[in-house]
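Since the structure comes first, as structure tokens, the remarks are kept for the end.
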Amino acid sequence: MARFDSEVNSYHSWFNSKIENHGHCPIAYFSAEFGLHHSLPFYAGGLGVLAGDFLKECSDLGVPMVGVGFMYPEGYLHQRLSADGWQNNESEALDRVRAPICRVLDRDGRPMVLKVPIMQLPIYFEVWKAQIGRVPLYLIDTDIEANDPWNRGISSRLYIGNHEHRLVQEIILGIGGTQILKALGIKHSVLHLNEGPFIFCHSGTHSGDG
């Protein structure tokens, strides 16, 4: 771990050796899912694995990047076969305390809580952080007391079949994710929207379909 920390904190990376102007603003990478490790079950398949690989590769190369996504505490399923041969889905809830994530705190040392005001009933969310080598990944969590029960479950699961719920997720990730960057004072040079549905950020973005 000491060797790893030393490498991560050093400036001797591919990016710094090739780019003379080191003052570039980071790439902001928005994605509905990130496949990083089984201890962080925020993904469903290839799209998430691709997004996770982008973060890891940018960390290895020293490319300035920040990731923004959701924390899905109830979205991970294990498929089991019952004694009579039927497939059963067993849900696994994320233990926030034991997972390799931490709450982002505001200037007063309290958990950072932001608001998406455009909804009829404002939606609040906390911000968590996973450090992927050199790249920070900020995660949105709507399961807080400031929200009503329905809104608390917005970020509970990935790819819910309810179209209204899915649309609200996209609004929260697009607008809420932009609010995270502003609250943390992160100025990005490029905004990449993985899969392209998060049109609620602002203009001047680059969208990719993986």
Helix 46-61 against the longest principal axis of the chain: what's the angle in degrees, Cα atoms only, rounded to the nearest 10? 20
Calculate the tail of P(r) for the stretch 1-108: the fraction of all Cα-Cα distances greater than 24 Å, expressed in %. 43
Selection from S17, V104, V68, by position along the positive dipole direction of the chain (Cβ): S17
All other residues with a Cβ under 15 Å from the Cβ of M65 taken together, and with Lys, Arg as +1 and Asp, Glu as -1, what is their net charge? +1
Would you tally the net charge around A93, using a Cβ to Cβ cut-off of less than 12 Å, leaving A93 out, and scoring K and R as +1, D and E as -1? -2
How many percent of all Cα-Cα pairs in the stretch 117-165 sit more than 18 Å apart? 41
Mind checking the stretch 33-100 for trypsin sites (Lys or Arg not before Pro) that DSSP puts in a loop (not H, G, I, E or B) and that have at most 11 other Cβ atoms within 10 Å? R98
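Computed over the Cα atoms of the stretch 52-126, what is the convex hull's projected area averaged over all directions, in nm²?
9.5
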Taking the square root of 5 times each eigenvalue of the Cα gyration tensor, what semi-axes in Å does the equivalent ellipsoid of the chain have, largest first? 28, 22, 17
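For the chain, what relative contact order do you get, as a whole percent, if you take Cα pairs closer than 8 Å and at least 6 residues apart?
22
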Rounded to the nearest 0.05, what FRET efficiency is calculated for A146 and N89 with R0 set to 25 Å and r the Cβ-Cβ distance? 0.25
Mind scanning K129/K182; K129/K187; K56/K115; K18/K187 and naming the pairs with a C-alpha gap bigger than 20 Å? K56/K115; K18/K187
Let me know the charge dipole size of the chain about its Cα centre in debye, to the nearest 20, where only the beta-carbon of Lys, Arg (+1) and Asp, Glu (-1) is charged. 540
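Here, each number is a calculation from the coordinates, and none is a lab measurement. Since the structure is predicted, the reported quantities are computational estimates derived from the model, not experimental observations. Please note: Cβ atoms are built from the backbone with ideal geometry, for glycine as well, and neighbour counts cover all protein chains shown.
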